[in-house]
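Chemist: So that we are looking at the same thing, I have put the structure below in structure tokens.
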Amino acid sequence: MSVSVLVVDDSAMARKMLIRALPPDWDITVTQASNGAEALAHYRQGVVDVMFLDLTMPEMDGYQVLETLRREDLNCLVIVVSADIQEAAQARVRAMGAIAFIKKPVDAERIKAVLKEYGLLV
Amino acid sequence: MTIEFISEEQREALQEVANIGMGQAGASIAKVLGEFVELSVPQISAVGAAGIPAALAALAGDGIASAVRQAFIGELRGEAIVIFAEHSADDLAALLAYGDALDGPASRELLLDISNVLVGACLGGIAELLRTTIGFSAPSLLADQVASSQLLRADGISARCALLVEVRFGIEKRVFRCHLVMLMPDDAVAALRRALDRFVEEL
């Protein structure tokens, strides 16, 4: 069964860069959202298995999304994809439940490694 | 404000590239200061020469500000200007445990150093993504604690219009705030457009 992936970033360009860096052989259905509020709305409409989440966004940022997911006990694997590469940012999002932190510009190999680590990709 | 001289696709690419450069700059000063640095979403706009001083004043907000300028040269060229909110230098000095009473020269030196780190990391990151190299002039003080409306004088600007790329840095629970602005004269924007097209094609 294909994996439902939600890509959340305010930049259409960044979403495009990320989607192109996903493994071509990964069986997925991709949905996109341009801010945190939209992401949560998508999430609540159905199933999201994996969320690629940007941190710096207008409306509702990535931290607020992580907070909401945790508070409301919502369940999906969140991989933070951010240009904010401060060590403190990485530690913060991990403490908030993200399974991984991927630096922008995204590296296809790094994404593959994370997906394999979590058994999302064989 | 409409952007007349870059396409929507080029603007989006520039915004993302600036976002990544800003992230690298933020990480660099976070390391220097030992603090978590808050980043904004980069803003891009095109302004006529006459509008540049007002645009910078609007960024700085009301009150007193200081600014450091640094030219960049290469395929991409223009001026990077870092605008510091009032008391930013004192705040930096406190963070770096320099003691609370910085004299004028030491305080100016600190702003030059921080600007150098920010501009080098941010523009260096942008240039790397766009697969080009740029060089930098030494930073110099453009304005020292002046009213924000006096940061830059219109007659000091040679370009007819400029592309303004703005990123903002702040530190939680501190007064330190600064903006990094890239000003590119219209004749340098053609090179930027080519570099952005290249970047988009290679995606």
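The values are calculated or read from the model by the stated rules, or taken from the named source; none is laboratory data. Just so it is clear, the model here is predicted, and its values are computed rather than measured. All Cβ positions, glycine included, derive from the backbone under ideal geometry; neighbour counts span all protein chains shown. Side chains are part of the model used for accessible areas, which takes the heavy atoms of the whole protein and leaves out ligands, DNA and RNA. Shrake-Rupley method; radii C 1.70, N 1.55, O 1.52, S 1.80 Å.
Chemist: Restricting to the stretch B:8-50, give me the number of residues that are under 14 Å from the mean Cα position of the chain (by Cα), open to solvent by 10 Å² or more (accessible area, probe 1.4 Å) and among the β-branched types (Val, Ile, Thr).
Modeler: Of the residues in that region, 2 qualify.
Chemist: Take the conditions touching a His at 6+ places or on another chain (Cβ under 6 Å) and of a type in the set (Lys, Arg) and apply them to residue B:168. Does it pass? Give the steps one after another, and end with the answer.
Modeler: Numbers: touching a His at 6+ places or on another chain (Cβ under 6 Å): yes; of a type in the set (Lys, Arg): yes.
Spelling it out, residue B:168 is indeed touching a His at 6+ places or on another chain (Cβ under 6 Å) and of a type in the set (Lys, Arg).
Chemist: Scan the stretch B:176-203 for residues that are at pLDDT below 90 and either acidic (Asp, Glu) or open to solvent by 80 Å² or more (accessible area, probe 1.4 Å) (or both) and jot them down.
Modeler: B:186, B:187, B:202
Chemist: Please count how many residues of the stretch A:108-122 are part of a helix (DSSP H, G or I) and either buried (at least 19 other Cβ atoms within 10 Å of the Cβ) or not acidic (Asp, Glu) (or both). Can you show your working first?
Modeler: Residues of the stretch A:108-122 part of a helix (DSSP H, G or I): A:108-117.
Still in the list and also either buried (at least 19 other Cβ atoms within 10 Å of the Cβ) or not acidic (Asp, Glu) (or both): A:108, A:110-116.
Residues meeting the conditions: 8.
Chemist: Scan the stretch A:59-81 for residues that are within 18 Å of residue A:104 (Cα to Cα) and either within 8 Å of the chain's Cα centre (by Cα) or not hydroxyl-bearing (Ser, Thr, Tyr) (or both) and report the count.
Modeler: Step one: filter the stretch A:59-81 for residues within 18 Å of residue A:104 (Cα to Cα), giving A:61-63, A:78-81.
Next, from what is left, pick out any that are either within 8 Å of the chain's Cα centre (by Cα) or not hydroxyl-bearing (Ser, Thr, Tyr) (or both): A:61-62, A:78-81.
So the answer is 6.
Chemist: Tell me, yes or no, whether the stretch A:89-96 has at least one residue that is within 14 Å of the chain's Cα centre (by Cα) and closer than 17 Å to residue A:8 by Cβ. Before you say what the answer is, go through the steps one by one.
Modeler: Keep residues of the stretch A:89-96 that are within 14 Å of the chain's Cα centre (by Cα), which gives A:90, A:93-94, A:96.
Still in the running and closer than 17 Å to residue A:8 by Cβ: A:93, A:96.
Within the stretch A:89-96 (the criterion being within 14 Å of the chain's Cα centre (by Cα) and closer than 17 Å to residue A:8 by Cβ), the answer is yes, since at least one residue qualifies.
Chemist: Quick one: which residue in A:62, A:36, A:119 is small (Gly, Ala, Ser), on the phi > 0 side of the Ramachandran plot and either touching a helix residue (DSSP H, G or I) at 6+ places or on another chain (Cβ under 8 Å) or more than 14 Å from chain B (Cβ to nearest Cβ) (or both)?
Modeler: Numbers: A:62 fails: on the phi > 0 side of the Ramachandran plot; A:36 fails: on the phi > 0 side of the Ramachandran plot.
Of A:62, A:36, A:119, the one residue that is small (Gly, Ala, Ser), on the phi > 0 side of the Ramachandran plot and either touching a helix residue (DSSP H, G or I) at 6+ places or on another chain (Cβ under 8 Å) or more than 14 Å from chain B (Cβ to nearest Cβ) (or both) is A:119.
Chemist: Please state which of the following conditions residue A:42 fails to meet, knowing it meets all the rest: (1) closer than 12 Å to residue A:6 by Cα; (2) crowded, with 19+ Cβ neighbours inside 10 Å.
Modeler: So residue A:42 meets the others, but not (2).
Chemist: Next question. From the set of residues in the stretch A:4-18 that are over 11 Å from the mean Cα position of the chain (by Cα) and within 14 Å of another protein chain (Cβ to nearest Cβ), which is surrounded by the fewest Cβ atoms within 10 Å (Cβ to Cβ)?
Modeler: So in the stretch A:4-18, the residues over 11 Å from the mean Cα position of the chain (by Cα) come out as A:4, A:10-14, A:16-17.
Imposing the further condition that a residue be within 14 Å of another protein chain (Cβ to nearest Cβ) reduces the set to A:10-14, A:16-17.
Working: A:10: 21, A:11: 22, A:12: 16, A:13: 21, A:14: 26, A:16: 18, A:17: 20.
The selected residue is A:12.
Chemist: Any idea which of B:192, B:152, B:196, B:164 is of a type outside the set (Lys, Arg), within 15 Å of the chain's Cα centre (by Cα) and not in a loop (DSSP other than H, G, I, E, B)? Give the steps one after another, and end with the answer.
Modeler: On the way: B:192 fails: within 15 Å of the chain's Cα centre (by Cα); B:152 fails: not in a loop (DSSP other than H, G, I, E, B); B:196 fails: within 15 Å of the chain's Cα centre (by Cα).
Only one candidate passes the filter, namely B:164.
Chemist: If you don't mind, there's one more thing I want to ask. Within the stretch A:47-82, count every residue that is open to solvent by 40 Å² or more (accessible area, probe 1.4 Å) and closer than 22 Å to residue A:120 by Cα.
Modeler: Number satisfying all stated conditions: 7.
Chemist: Also, I was wondering about something else. If I ask for residues that are under 17 Å from residue B:128 (Cβ atoms) and open to solvent by 30 Å² or more (accessible area, probe 1.4 Å), which ones from the stretch B:71-89 would you list?
Modeler: Selection gives B:73, B:74, B:75, B:77.
Chemist: Identify the residue in the stretch B:1-53 that is out of contact with any helix residue (DSSP H, G or I) (no Cβ under 8 Å at 6 or more places or on another chain) and among the hydrophobic types (A, V, I, L, M, F, W, C) and, among all such residues, is nearest to residue B:113 (Cα to Cα).
Modeler: So the residue we want is B:46.
Chemist: Considering each of B:120, B:135, B:124 in turn, give the residue that is surrounded by fewer than 16 Cβ atoms within 10 Å (Cβ to Cβ), touching a strand residue (DSSP E or B) at 6+ places or on another chain (Cβ under 9 Å) and of a type outside the set (Asp, Glu).
Modeler: B:135
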